[in-house]
Amino acid sequence: MAKVANSHPNVYELAQQRLHTIFASFDNVYVSFSGGKDSGVLLNLCIDYIRKHGLKRKLGVFHMDYEIQYRDTIAYVDKTLAANRDILEVYRVCVPFKVQTCTSMFQQYWRPWEESKRDLWVRKMPEGCLTTQDFPFFTETMWDYEFQSRFAEWLHERKHATRTCCLIGIRTQESFNRWRSIYSDRNNHRFRGERWIREWRCGHICSAYPIFDWLTSDVWTANGKFGWPYNRLYDLYYMAGVPLDNQRVASPFISPAISSLQLYKAIDPDTWGRMIGRVNGANFAQLYGRTSAIGWQSIKLPKGLTWERYMHFLLSTLPEETRRSYLEKLSVSIRFWREKGGCLSDKTIARLRQAGVPMIVGEKSGYRTDKKPVRMEYMDDIDVPEFSQLPTFKRICICILKNDHACKYMGFSPNKKETQRRKKIMEQYETLLRNTRG
């Protein structure tokens, strides 16, 4: 397994040290288990740790069942939970929260286990699952990520815990955002100074990332060395030629998964046959998910149009609420590049100057980076390698064609309105909990 730079322990040994910290510091611990390789190896690490050290406690397992999933994933989840029922407390959730979909221009979300769509469900609800009746906090407006936060609060109260820790199997190798969540000094909510444990309710509830420094190769080395069970879907991915780093188990309708949606048709045709009647646009996304039809590869500008005019044409075809959402994000982005500026490398700045792009280059950014802040206006398009970092109307067109309602391709995270809405809901729920305790 990979060695950590300038350190003797390997990532497995470091994970053991972190698990010691977790089980010694928290009386209530649970793993967020999706059935993927990362959450699977984390769950196996915890199971082995509890058995090896003879801990007289149980481990919680939180599994959000999204209804539509590969049969191999369902089988792996079922088998893993059943094989360790003596030390696991399982919370298998089948709730109709809102889940992002990028298969339709007209629908921003779908709902797994939606009662009104019972006749179209891809499969039956698993026995022993938890439904809306088990969660008094659930509302029809709730997104899946909001439910996760609310669940932690619910479980903390239910267990009468002093400290609760949710273990999450994310690795910094996967994305820059995940790397930033661990290493950024802007987040001061660290439990006892540990970068990999984040406090989010006065130290009583935390999220921890014990395998944040693992590589994909470490995950598979551990599975092989310790004989841990894993999701056999990854064997099928490998045989289908999917690169190792692109093999993921996720909701099939989010933007990163669209390009591999066609694999359902080949790997699990029975499930696929039910999927196309369950979520709007699933078949179209499967057919064109890797083409310019939904902006996956290079798209061509219609003759006689600029990218800005093409953007307005695309927006005119959308429902009012969807169109307004895109325009709000565009307005925020334009204001950001005019007033604050994006951080660009000297090489990128030189290329822009060579292309004759008007801009104002600052000396130092407020972020911890060697890049310089650059203020500029939106461009129609520009042919440079750093295209995805620059403000162009073409990028907005790609977002629209990809049904990327959140504009993640533009680098957007939840905006202020969305963040405040989530904060307000959390505060209301904490007030409810206090009143219930009283």
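Say we look at the range 289-335 and pick out the residues that are assigned to a helix (DSSP H, G or I), among the aliphatic types (A, V, I, L, M) and at pLDDT below 85; which of these is nearest to P391 (Cα to Cα)?
Residue satisfying both the conditions and the ranking: L314.
With the structure loaded, tell me whether A15 is surrounded by fewer than 17 Cβ atoms within 10 Å (Cβ to Cβ) and aliphatic (A, V, I, L, M) or whether it fails that test.
no
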- Message: Looking at (1) farther than 23 Å from S331 by Cα; (2) modelled with pLDDT under 90; (3) surrounded by 15 or more Cβ atoms within 10 Å (Cβ to Cβ); (4) in contact with a Pro (Cβ under 9 Å, 6 or more places away or on another chain), which one does K371 not meet, given that it meets all the others?
- Response: (4)
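Residue-by-condition table, conditions (1) modelled with pLDDT of 90 or more; (2) farther than 22 Å from D27 by Cα:
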site: K159; (1), (2): yes, no
site: R163; (1), (2): yes, no
site: L167; (1), (2): yes, no
site: W179; (1), (2): no, yes
site: G203; (1), (2): no, no
site: Y209; (1), (2): yes, no
site: D213; (1), (2): yes, yes
site: D218; (1), (2): yes, yes
- Task: For the range 347-358, state whether one or more residues are in contact with a helix residue (DSSP H, G or I) (Cβ under 9 Å, 6 or more places away or on another chain), among the polar types (S, T, N, Q) and in a helix (DSSP H, G or I).
- Result: yes
- Of (1) hydrophobic (A, V, I, L, M, F, W, C); (2) assigned by TED's automatic domain parsing to the domain that holds R158; (3) modelled with pLDDT under 85, M275 fails just (2)
- Message: For S32, only one of the following conditions fails: (1) modelled with pLDDT under 95; (2) closer than 27 Å to R150 by Cα. What is its number?
- Response: (1)
- Query: When you go through R92, R85, R57 one by one, which is the residue that is part of a loop (DSSP other than H, G, I, E, B) and within 25 Å of Q133 (Cβ to Cβ)?
  - Reply: R85
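Select, from K424, K394, K364, the only residue that is outside the structural domain of E157 (by TED's automatic domain parsing) and modelled with pLDDT of 80 or more.
Working: K424 fails: modelled with pLDDT of 80 or more; K364 fails: modelled with pLDDT of 80 or more.
Sole residue among the options that is outside the structural domain of E157 (by TED's automatic domain parsing) and modelled with pLDDT of 80 or more: K394.
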- Task: Among the residues of the range 118-152, write down those that are acidic (D, E), part of a helix (DSSP H, G or I) and closer than 18 Å to H63 by Cβ.
- Result: D134, D144, E146
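Each row is one residue, and each column tells you yes or no for (1) modelled with pLDDT of 90 or more; (2) outside the structural domain of Q100 (by TED's automatic domain parsing); (3) not polar (S, T, N, Q).
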| position | (1), (2), (3) |
| --- | --- |
| T348 | yes, yes, no |
| I360 | yes, yes, yes |
| Y429 | no, yes, yes |
| N435 | no, yes, no |
- Task: Pull up the range 348-367, narrow it to residues that are surrounded by fewer than 14 Cβ atoms within 10 Å (Cβ to Cβ) and in contact (Cβ under 8 Å) with a residue 24 or more places away in the chain, then point me to the one that is nearest to Y378 (Cα to Cα).
- Result: A355
- Leading residue by the ranking (farthest from the chain's Cα centre (by Cα)) among those in the range 107-164 that are surrounded by fewer than 17 Cβ atoms within 10 Å (Cβ to Cβ) and on the phi > 0 side of the Ramachandran plot: H160
- Is at least one residue of the range 369-378 touching a helix residue (DSSP H, G or I) at 6+ places or on another chain (Cβ under 9 Å), in the same structural domain as H312 (by TED's automatic domain parsing) and within 19 Å of L301 (Cβ to Cβ)? yes
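Can we say A2 is modelled with pLDDT under 95 and among the aliphatic types (A, V, I, L, M)?
Against the criterion (modelled with pLDDT under 95 and among the aliphatic types (A, V, I, L, M)), A2 qualifies.
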- Item | Inter-residue pairs, beta-carbon under 9 Å, first assigned by TED's automatic domain parsing to the domain that holds K159 and on the phi < 0 side of the Ramachandran plot and in the range 72-100, second assigned to a helix (DSSP H, G or I) and of a type in the set (F, W, Y), 6+ apart | D72/Y234; Y91/F151; V93/F147; V93/F151; V95/F147; F97/Y145; F97/F147
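The values are calculated or read from the model by the stated rules, or taken from the named source; none is laboratory data. Only a predicted model underlies this, so the values are computations on that prediction, with no experimental measurement involved. Ideal geometry is used to build each Cβ from the backbone, glycine not excepted, and the neighbour counts take in all protein chains shown.
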